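K.L.:
Please see the structure below; I have some questions.
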Amino acid sequence: MRLQGKTALVTGGASGFGRGIAETFAREGARVAVLDIDGEGAAVVAEGIDGLALACDVSRGDQVRAAVDKAREAFGALDIVVNNAGWTTPNGPLLDTDETAFRKIYDINVLSIFHMTHAVLPHWRTRGQGVMINVSSTAGIRPRPGLSWYNSSKGAVNTLTRSLAAELAPEGIRVNAIAPVMGETGMLERFMGCEDTPENRARFLSTIPLGRLSKPRDIANAALYLASDEADFITGVILEVDGGRTV
């Protein structure tokens, strides 16, 4: 098993990509803390993988610190953090997004990484190792109309990932990101927004050379590789899991 003896915390772990990552990590030997604002959903996933459920709003620094402390207390140490929790406004005209909605996007997609870094970095520095994986998006690489504010937040995630990787590499801490193409998750309808018609879905699929949307298993398998010791010389990478969308 590729993560035997490792411990991990996955945000947004109650559903979608996060659930796929948590289940894959557990299958590969890791002890996993499933963190989500949906505490009941996190508990369901954690029960299925003999993991730890943690209810947490990732936009709140105090809650993130408390969740990291609980995971460390339960596991003894924390090897891997996956910042997967994400949010967007529905696809639509950019001026339809007000400041409150804009801030929510950045609070969940970007500020959460700031909070997690502050919470986990002191622990990793004492150990001289640690792995952070940020779930970004092809939207931060090849943005498209209707999601400008979300696109920009994922561009920030990509730059932050590379910057953290460069700064923390001398301390044995690796930071990478995964950039999925639009996936078969609960947020699909929000990404499509007013464009969500069979014709527009078919049109979008035609832009993906491998001809389908991403699935949780696709993102989970990429995260598994980046979290494993097989990737111990890889840092600062934005791994596109997109069926060729950004080629």
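K.L.:
Could you name the lysines whose alpha carbon sits less than 20 Å from that of Lys104, not counting residues in the same chain fewer than 8 places away?
P.N.:
Counting by Cα, and skipping residues close in sequence, Lys104 has these lysines nearby: Lys154.
K.L.:
Work out the length of the dipole vector of the range 73-125 about its Cα centre, built from +1 on the beta-carbon of each Lys and Arg and -1 on the beta-carbon of each Asp and Glu, and round it to the nearest 20 debye.
P.N.:
140 debye
K.L.:
Could you check which residue among Glu230, Glu40, Glu28 shows the biggest mean-square fluctuation in a GNM of the chain with a 10 Å Cα cutoff?
P.N.:
Fluctuation is largest for Glu230.
K.L.:
How high is the relative contact order of the chain, in percent, counting Cα pairs under 8 Å that sit 6 or more residues apart?
P.N.:
Numbers: 516 pairs, mean separation 51.6, N = 247.
Dividing the mean separation by the residue count of the chain yields 21 percent.
K.L.:
Across the range 234-239, in residue order, what do the Karplus-derived ³J(HN,Hα) couplings come to in whole Hz, using 6.51 cos²θ - 1.76 cosθ + 1.60 with θ = phi - 60° and x for Gly and Pro?
P.N.:
Coupling constants for the range 234-239: 10, 8, x, 8, 9, 7 Hz.
K.L.:
With a ≥ b ≥ c taken as the square roots of the eigenvalues of the C-alpha gyration tensor of the range 34-97, please select rounded if a/c is under 1.5 and otherwise prolate if a/b is larger than b/c or oblate if it is not?
P.N.:
Note, shape of the range 34-97 comes out prolate.
K.L.:
Would you list which lysines come within 24 Å of Lys6, measuring only between C-alpha atoms, while excluding same-chain residues fewer than 8 positions from it?
P.N.:
Lys70
K.L.:
Between Ala30 and residues 5 or more places away or on another chain, which pairs have amide H atoms under 5 Å apart, with H built 1.01 Å from N, and which residues are they?
P.N.:
Answer set, sorted by chain and number: Leu3.
K.L.:
Based on the inverse mean of 1/r over its pairs of different Cα atoms, what is the Kirkwood hydrodynamic radius of the chain, in Å?
P.N.:
This gives a value of 17.9 Å.
K.L.:
Additional query: Local charge sum around Ala14 (other residues, Cβ-Cβ under 11 Å, Lys/Arg +1, Asp/Glu -1)?
P.N.:
With Lys, Arg at +1 and Asp, Glu at -1, the net is -2.
K.L.:
Can I ask one more? Counting Lys and Arg as +1 and Asp and Glu as -1, each charge on the Cβ, what is the dipole of the chain about the Cα centre in debye, to the nearest 20?
P.N.:
460 debye
K.L.:
Next question, about the same structure. Show the residues, 5+ positions off or on another chain, whose built amide H is closer than 5 Å to the amide H of Asn134.
P.N.:
So Asn134 has HN proximity to Asn83, Asn176, Ala177, Ile178.
K.L.:
Something else: Could you give me the ³J(HN,Hα) list for the range 25-35, computed from phi with Karplus coefficients 6.51, -1.76, 1.60 and θ = phi - 60°, whole Hz, x at Gly and Pro?
P.N.:
Residue by residue, the range 25-35 yields 4, 5, 4, 8, x, 7, 8, 10, 9, 9, 10 Hz.
K.L.:
With a ≥ b ≥ c the root eigenvalues of the C-alpha gyration tensor of the range 68-109, is it rounded (a/c under 1.5), prolate (a/b larger than b/c) or oblate?
P.N.:
It is prolate, given that a/c is not under 1.5 and a/b is the larger ratio.
K.L.:
Normalised by the residues of the range 94-225, what does the relative contact order come to in percent, with Cα pairs under 8 Å and at least six apart?
P.N.:
Across the range 94-225, relative contact order equals 25 percent.
K.L.:
While we're looking at this one, here's another question. Mind checking which aspartates and glutamates have their C-alpha under 20 Å from Lys215, skipping anything on the same chain fewer than 8 residues away?
P.N.:
Within the straight-line limit of under 20 Å, Lys215 reaches these aspartates and glutamates: Glu23, Glu28, Asp36, Glu184, Glu189, Asp196, Glu240, Asp242.
K.L.:
Take the chain, connect every pair of alpha-carbon atoms lying under 10 Å apart with a spring to form a Gaussian network, then pick out the residue of Leu52, Leu224, Leu210 with the largest mean-square fluctuation.
P.N.:
Residue with maximal mean-square fluctuation among Leu52, Leu224, Leu210: Leu210.
K.L.:
Using Cβ contacts closer than 10 Å as the measure, can you line up Tyr150, Tyr225 from fewest to most?
P.N.:
Starting with the residue having the fewest Cβ neighbours, the order is Tyr225, Tyr150.
K.L.:
Under the rule a/c < 1.5 gives rounded, and otherwise a/b versus b/c splits prolate from oblate, where does the range 16-137 land using the Cα gyration tensor?
P.N.:
Taking the square roots of the gyration eigenvalues as a ≥ b ≥ c, the range 16-137 is prolate.
K.L.:
On to the next question. Packing-wise, with mean Cβ within 10 Å as the measure, how do 53-59, 96-102, 33-39, 168-174 rank, highest first?
P.N.:
33-39, 53-59, 168-174, 96-102
None of the figures in this text is laboratory data; all of them are computed from the coordinates on show. This one's a predicted model, so the numbers in the text were calculated from it and none came from an experiment. Here Cβ is always computed from backbone atoms with ideal geometry, including for glycine, and neighbour counts include all displayed protein chains.
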